[in-house]
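Input: a single structure, listed below in structure tokens.
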Amino acid sequence: MILGGNKMKKDNNIITESQTRETFSSGLTIFFATLGSAVGLGNIWKFPYLVGENGGGAFVLIYFVSVLLIGIPVMVSEFYIGRKTRSNVVTAFTLLKASPIWKFIGYMGMVSSMFILFFYSTVGGWVYSYAFKALKGDFTNLATLSISNASQIVENQFLTTVGGVYSPIIWQGLVLLVISLILIAGVKNGIERITKTLMPVLFILLILCSLRALTLSGAKAGLDFLFKVDFSKVNSSVILSALGLAFFKLSLGMGTMVTYGSYFTDDNNLIHTSAKVALSDTLVSALAGIAIFPVVFTFGLAPDSGPGLLFNTIPLVFSKIPFGNILLIAFFLLSSIAATTAMISMMEVPVAFMSENWDIKRKHSVMILSGIIFFVGVFTTHPTSIFGNILIFNKNFFDLFDFISSNILLPAGGLLIAIFVGYFVKKEDILKELSNNHTLDNSQTIGIYHFVLRYISPLLLLIVFLNSLGII
Ligand code: PHE
């Protein structure tokens, strides 16, 4: 797919670029690569703890509605921009002959990408280190302990992992090194091949985890928490978090899907692909929730315990079952891979821009960006110690970068993309691109998409936004 050997230097040379630009090889690989960007720590780490913090079922429902009414239309729009222009997220607007002001979306996307990577690489480091701990057999003794002792030990493990002075930084550095090497190498056959093989395996493992969790005594309480809707728990911050999560989850609002869309084949059905990716991604999140909440209620943990939730529960899921440790190793290895493929897609946004528009070699762009992420990222590495005590707007660096990107920048980017494609692109152009030059018989579906994009998605986004700013 992407990367390496880019011929394009400046906006005006796009024709040469689009002729030499690579594409994914088939509909299936497009699906898995895009799902590889969507599925990541968002599903296994963020979704469960946000559900926990925001009161369960009602949050899940609002999340799902956000995916349908805002996520899918924005994803289709990003694919539209990307495949039509076959270029990076800034140049794309030039090629669409839009006023230069729209390029702001692209620049904002790059800021979002960096902000997310600042804290995502930290959590990526935790996941890598858990894969290593599982490999070393650090959790094998859980089998012999009582329930309360086991959960105590697991919680302590997490505190030590996050609280260490050097080790979280080293793990974070390792994560960045892995991503950089893959990006520099060009990933061509890499991402496509990795995602195609490993996404199904991740799916199967998650199903195994959830089946195991469903046999626990707290299964009913866990499922009730996850799926029983209680509207009394809903307020504007719950809605904003659900919406922000939908953007974060589906890699929207910052140009990732524009960039990936630019590598899609001409015959790909963009609407189908977005629906399939969005729904499969939601299924992965639901499976993660089903794997985690029964454990929370069986072991008496707090559902609203925040970012440590994943790390405090999954090791317990596999304790006391045959081959539990092997499954645990597999789970964290696959989570590491999911995190890695998501991060690659994030970093590709500024890398593509820098190497195509600034004439900086791809290798150097990757090195500069990783250096910045590592340097600033260190401030997020210790949310519970050292820098964790420095508060800005009442948030530590970790929460601040997360809040600004997920709750402000991504929804704002999504809003602008919806307005741009909904109001500033001719309907005929959209019809032509989404029907693959009128070879697909889907004008009705396109009509629904266009209606939702114009009248529903931006309005919902705007209301939630203004409300969160206290304006309405
Ligand atoms: N979707 C990824 C996840 O859920 C995160 C991501 C956000 C990836 C934005 C790319 C762009 O983990």
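Observations, loosely collected:
- Annotation: of all residues in the range 209-245 being outside any helix (DSSP H, G or I) and of a type outside the set (K, R), the one that is farthest from the ligand (Cβ to nearest atom) is S217.
- Test: residue in the range 291-310 that is at pLDDT 90 or above, open to solvent by 10 Å² or more (accessible area, probe 1.4 Å) and of a type in the set (V, I, T): no
- Residue count, the range 262-289 (criterion: open to solvent by 30 Å² or more (accessible area, probe 1.4 Å) and part of a helix (DSSP H, G or I)): 5
Here is a yes/no grid of residues against (1) over 25 Å from L415 (Cβ atoms); (2) within 19 Å of the chain's Cα centre (by Cα); (3) away from the ligand (no atom under 14 Å from the Cβ):
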{"site": "G42", "(1), (2), (3)": "no, yes, no"}
{"site": "W45", "(1), (2), (3)": "yes, yes, no"}
{"site": "Y63", "(1), (2), (3)": "no, yes, no"}
{"site": "L68", "(1), (2), (3)": "no, yes, yes"}
{"site": "R83", "(1), (2), (3)": "no, no, yes"}
{"site": "S87", "(1), (2), (3)": "no, no, yes"}
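- Conditions (1) over 30 Å from V111 (Cα atoms); (2) of a type outside the set (S, T, N, Q); (3) within 16 Å of the ligand (Cβ to nearest atom); number of the one not met by F299: (3)
- Boolean, I326 is among the aliphatic types (A, V, I, L, M), without any contact (Cβ under 8 Å) to a residue 40 or more places away in the chain and either within 16 Å of the ligand (Cβ to nearest atom) or open to solvent by 10 Å² or more (accessible area, probe 1.4 Å) (or both): yes
- Qualifying residue in the range 359-375 (condition: of a type in the set (V, I, T), in a helix (DSSP H, G or I), within 16 Å of the ligand (Cβ to nearest atom) and at pLDDT below 85): no
- Scanning the range 183-191 finds one or more residues that are surrounded by 18 or more Cβ atoms within 10 Å (Cβ to Cβ) and at pLDDT 75 or above.
- Here V165, V201, V175, V154 are screened, and the one residue that is out of contact with any strand residue (DSSP E or B) (no Cβ under 9 Å at 6 or more places or on another chain), of a type in the set (V, I, T) and under 27 Å from I408 (Cα atoms) is V175.
- Residue within the range 216-235 that is over 27 Å from L69 (Cα atoms) and open to solvent by 50 Å² or more (accessible area, probe 1.4 Å) present: yes
- Among residues of the range 43-63 that are more than 15 Å from L283 (Cβ to Cβ) and touching a residue at least 24 places away in the same chain (Cβ under 8 Å), those with a beta-carbon under 8 Å from a residue that is among the basic types (K, R) and open to solvent by 20 Å² or more (accessible area, probe 1.4 Å) at least six positions away or on a different chain give the pairs N54/K233; G55/K233; G56/K228; G56/K233; G57/K228; A58/K233; F59/K233.
- Test: residue in the range 132-143 that is within 21 Å of the chain's Cα centre (by Cα) and at pLDDT 90 or above: no
- Taking (1) outside any helix (DSSP H, G or I); (2) more than 16 Å from the ligand (Cβ to nearest atom) in turn, M254 satisfies each apart from (2).
- Of the residues making up the range 349-358, those that are more than 9 Å from the ligand (Cβ to nearest atom) and either free of Cβ contacts under 8 Å to residues at least 40 places away in the same chain or open to solvent by less than 10 Å² (accessible area, probe 1.4 Å) (or both) are P350, V351, A352, F353, M354, E356, W358.
- Subset of the range 329-344 [within 13 Å of the ligand (Cβ to nearest atom) and either of a type in the set (S, T, N, Q) or open to solvent by less than 10 Å² (accessible area, probe 1.4 Å) (or both)]: S335, S336, A338, A339, T340, T341, A342, M343, I344
- Residue match in the range 410-420 (condition: in a helix (DSSP H, G or I), without any contact (Cβ under 8 Å) to a residue 24 or more places away in the chain and open to solvent by 20 Å² or more (accessible area, probe 1.4 Å)): no
- Counting only helices (runs of 4 or more DSSP H) wholly contained in the range 39-146, the ones carrying 3 or more residues that are surrounded by 23 or more Cβ atoms within 10 Å (Cβ to Cβ) and of a type in the set (A, V, I, L, M) occupy 72-85, 103-136.
- Contact map, the range 248-269: residues that are more than 17 Å from T341 (Cβ to Cβ) paired with residues that are open to solvent by 10 Å² or more (accessible area, probe 1.4 Å) and of a type in the set (S, T, N, Q), Cβ distance under 6 Å, separation 6+ or inter-chain. Pairs shown: T265/T23; D267/N436.
- Looking across the range 257-296, the residues that are of a type in the set (V, I, T) and within 14 Å of the ligand (Cβ to nearest atom) come down to V258, T259, V277, T282, V284.
- Here F248 meets the list (1) closer than 19 Å to V464 by Cα; (2) more than 15 Å from the ligand (Cβ to nearest atom); (3) of a type in the set (F, W, Y) almost entirely, failing just condition (2).
The values are calculated or read from the model by the stated rules, or taken from the named source; none is laboratory data. Just so you know, these numbers come straight off a predicted model, no measurement behind them. With ideal geometry, Cβ positions are generated from the backbone for all residues, glycine too; neighbour counts draw on all protein chains shown. The protein model used for the area step is the full one, side chains on, heavy atoms only, and it has no ligands, DNA or RNA in it. Shrake-Rupley method; radii C 1.70, N 1.55, O 1.52, S 1.80 Å.
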